[in-house]
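So the structure is just underneath, and the comments pick up after that.
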Amino acid sequence: MSDHNKDIDQPTGVETTGHEWDGIKELNNPLPRWWLYIWYATIAFSIVYMVIMPAIPALPGLGTNTPGIGGHSDRMNVAAEIDDLRTGRAGTGSMLVDASLEEIETDRSLQQFAMAAGESAFGDNCATCHGAGGRGAKGYPTLADDVWLWSGTLDGIEYTLRHGIRHDPDPETRFSAMPAFGRDRLLTRAEIDDVVSHVMTLSGRGDDDNDAAGRGEDIFAAQCASCHGPNGEGDKTIGAPDLTDQDWLFGGEYDEVYNSVYNARNAHMPAWGERLDDATIKALSVYVHSLGGGE
Amino acid sequence: MPQINLIPSRSPPPVPPPQDLYAKRKQIYPKLAHGKFRTVKWVAMGVLLGVYYLIPWLRWERGAGVPDQAVLADFAGERFFFFGIEIWPQEAYYLAGLMILAAIGLFLVTSLFGRVWCGYACPQTVWTDLYIWVERAFEGDRAKRIRLDKAPWGLNKAARKIGKHIVWVLIAFVTGGAFILYFHDARLIAQTFFIGEAPLSAYWFAGLLTFTTYALAGTMREQVCTYLCPWPRIQAALTDEDALNVTYRYDRGEPRGPHRKGESWQGRGDCIDCKQCVQVCPVGIDIRDGPQLECIHCALCIDACDGIMKTVGRPTGLIAYDTDTAVAARAVGMKPKYRLVRARTVLYFVLMTAIASLMAFGLLNRGTIEVNVLKDRSPPYVRLSSGLIQNGYTLKLVNKAGETREMEISIADDEGFTLKVVGIETVAGEPILLPVASNGVDRYRLLVTTPEQASDGRQHFQLVLTDVETGEIHTNRTSFMAPGE
Ligand code: SF4
Ligand code: SF4
């Protein structure tokens, strides 16, 4: 800056910076010196920080960033936090493991803990298929209603959760198989037509006087009644669906039922006992049981 | 209103010598003032410090299991206790309301009396005042302090300086220590603090507040107000020409100049240019230059000048709380008018009263039980095997009372709705009772069913919760979803 054309503000006697906006000039008042020192201190701090903490990214030859000598990493922090959380929850968690499911559901504090833990575990693991809140989808049972293929009791739900459905690696898995009556040539297309016509009448949606339905009754008695019961009421001990209710996992329209009989539907659920710990399984059981249709 | 220049005209100042880019701080040696405003400030300091240091020790019986500290921000227990009032996290709006009240209150007094907050109540002012008092005790008043700072280092100087800093640090520590008492049980933390068993955060905050008190009140002082604090800017913008600010009445003071005893006061102003007002000023300005950003409106210059006016036999109030309009009016020989009732003061007052009454109403009428009903969104409804439609809800009961409660739950004139609570045995004809733990939140899952024929699309019903003991009734309207036509 040259000295010769300094602009001095008359009222204050202070030099201006030469900047002017709408006739207002900026005074070149000096900053306080301690301010400068604080600035120096921040520079010193940033150097120390760069040395200790991970700081400079994308240096050639250095994969990600300078690691810093402080041994700090987000991964470790997260791991430590998770450990803390685990130990923090261990008390209530082990109480869940020790208590019976009935006890959990009637003990207020255990129930509230189980519901919260169950809700988050459900969102992580189950909602992908069964939908948020267990709303279900075609082929994936609704868990909020009271229709259960196997069992909707606390223990039944827990068993299903633990061992899965048609989960081959688990010897105790729940297993049932409906034959593919059409594909495996057990029945002709005409016979399947007849039996489906009959099944439609079981839930009150078919036409009783229909000839086909009449013919189908015999076929049903011979082929289907052993699992689904003489009146199609189903059997939870072997996972045979109730055919008289309004709930159809794979759809209750004629074509959909025909498809089920022709190809057979054998859905699959993994055995969560292999992946989730005991406390989580129990929390999930209580949560699912409370969704709306628990028996 | 006649337009007049508020700053007395002066001859243009000489061209200053070239200066450094960064200015060293000018040491200020405020002289002790005597007078009514100084007295007011001593009293204010005593009261405010007393309130700050003593409040955490007050007790307030609240019953078993609840802290008995009168004022306590209990973060671990997620409660805020203020005497008889207990604020839950769900009621943080009371704290927000308090902040708004404080802000508008500040607006109001600022529009009436200028920066009285800065002058009398700001912690920076109060602690700085206290620190200057200590400084004076060790090093003497202005003249002595200047002499001491100029003197070469010696035993006397060292002893005085060290003594001052020791007392400063002690005050700072007591200040930081008192701060943490607001967040923990005061007696317990006071005991555990010195044997190293208090929580880490307590040491951290005590240390932080000790450091900031020492640094801000001891060494930084007016620089905090001038450079760090945003408030002078805001407050200065809130005062207007009708606010009572510490003002030099130049209409009366000018032209200034020395005055010898017995000389006539004719044709001259009352200011004898003794610079007493400058010497007492803790921010080191000359109030006679007009309103300035640095001025914290501590009124000490009023006291100083009033003393001078008495000795020279002129009326006091050459520097006084006055408004710009009044000064301007007198300057042209008009009678000054004071307008405390103005659009903005009325507005602030009305706003404050409205918010305060709203909060008071809320506080007085809040029940000890709070009811929240949340309808499941997914699935919106399910069809049970019986053909009934069922909806799920989450019921949240907040019990602010110190004892366990029991709530009877039912559906008002049930139009075919049936209620079930998961985990609670329902016996037909018997009331459904929900226990609610004291000082806690309980969640229940509700299942409500209705026959399909009674439903189409969205319906509503009233959930009624009755406190078995007090008979307190809460109704909650909520919706029921069913397949539409
Ligand atoms: S104290 Fe009063 S008389 Fe003395 S210089 Fe200040 S305004 Fe003038
Ligand atoms: S000029 Fe302002 S800061 Fe200085 S003594 Fe007067 S009121 Fe206080």
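The values are calculated or read from the model by the stated rules, or taken from the named source; none is laboratory data. Here the structure is a predicted model, which means the values were calculated and not measured. Every residue, glycine among them, receives a Cβ derived from its backbone with ideal geometry; neighbour counts consider all protein chains shown. Protein only, heavy atoms only, side chains kept; ligands, DNA and RNA dropped before computing areas. Shrake-Rupley method; radii C 1.70, N 1.55, O 1.52, S 1.80 Å.
If you take the residues in region A:257-279 that are more than 17 Å from A:Phe122 (Cα to Cα) and in a loop (DSSP other than H, G, I, E, B), which one is least open to solvent (accessible area, probe 1.4 Å)?
So the residue we want is A:Ala264.
Within region B:244-288, restricting attention to residues that are on the phi < 0 side of the Ramachandran plot and of a type in the set (Lys, Arg), which residue is nearest to ligand 2 (Cβ to nearest atom)?
The selected residue is B:Arg288.
In region B:275-288, which residues are more than 27 Å from the chain's Cα centre (by Cα), of a type in the set (Val, Ile, Thr) and either within 14 Å of chain A (Cβ to nearest Cβ) or near ligand 1 (Cβ under 8 Å from one of its atoms) (or both)?
Residues satisfying the conditions are B:Val278, B:Ile285, B:Ile287.
For region A:50-68, state whether one or more residues are under 28 Å from B:Gln27 (Cβ atoms) and not in a helix (DSSP H, G or I).
no
What is the one condition in (1) open to solvent by 50 Å² or more (accessible area, probe 1.4 Å); (2) in a helix (DSSP H, G or I); (3) away from every other protein chain (no Cβ under 14 Å) that A:Ala116 does not satisfy?
(3)
Quick check on my filter: what residues within region B:289-321 are more than 14 Å from chain A (Cβ to nearest Cβ) and either near ligand 2 (Cβ under 8 Å from one of its atoms) or touching a Pro at 6+ places or on another chain (Cβ under 8 Å) (or both)?
Of everything in region B:289-321, those that are more than 14 Å from chain A (Cβ to nearest Cβ) and either near ligand 2 (Cβ under 8 Å from one of its atoms) or touching a Pro at 6+ places or on another chain (Cβ under 8 Å) (or both) turn out to be B:Cys295, B:Ile296, B:His297, B:Cys298, B:Ala299, B:Leu300, B:Cys301, B:Ile302, B:Ala304, B:Met309, B:Ile319.
Pairs only if they're at least six apart or on different chains, beta carbon under 7 angstrom, first in region B:276-302 and without any contact (Cβ under 8 Å) to a residue 40 or more places away in the chain, second of a type outside the set (A, V, I, L, M, F, W, C) and away from ligand 1 (no atom under 11 Å from the Cβ); list them, first residue then second.
The qualifying pairs are B:Ile285/B:Gln292; B:Ile285/B:Glu294.
Restricting attention to region B:394-453, report how many residues are free of Cβ contacts under 8 Å to residues at least 60 places away in the same chain, away from chain A (no Cβ under 14 Å) and open to solvent by less than 70 Å² (accessible area, probe 1.4 Å).
6
Which condition number does B:Ala190 fail, the rest of (1) open to solvent by 40 Å² or more (accessible area, probe 1.4 Å); (2) modelled with pLDDT under 90 being met?
(1)
If you take the residues in region B:213-242 that are of a type in the set (Ser, Thr, Tyr) and within 14 Å of another protein chain (Cβ to nearest Cβ), which one is least open to solvent (accessible area, probe 1.4 Å)?
My answer is B:Thr226.
Exactly one condition in (1) away from chain B (no Cβ under 12 Å); (2) polar (S, T, N, Q); (3) assigned to a loop (DSSP other than H, G, I, E, B) is false for A:Asn125; which is it?
Failed condition: (3).
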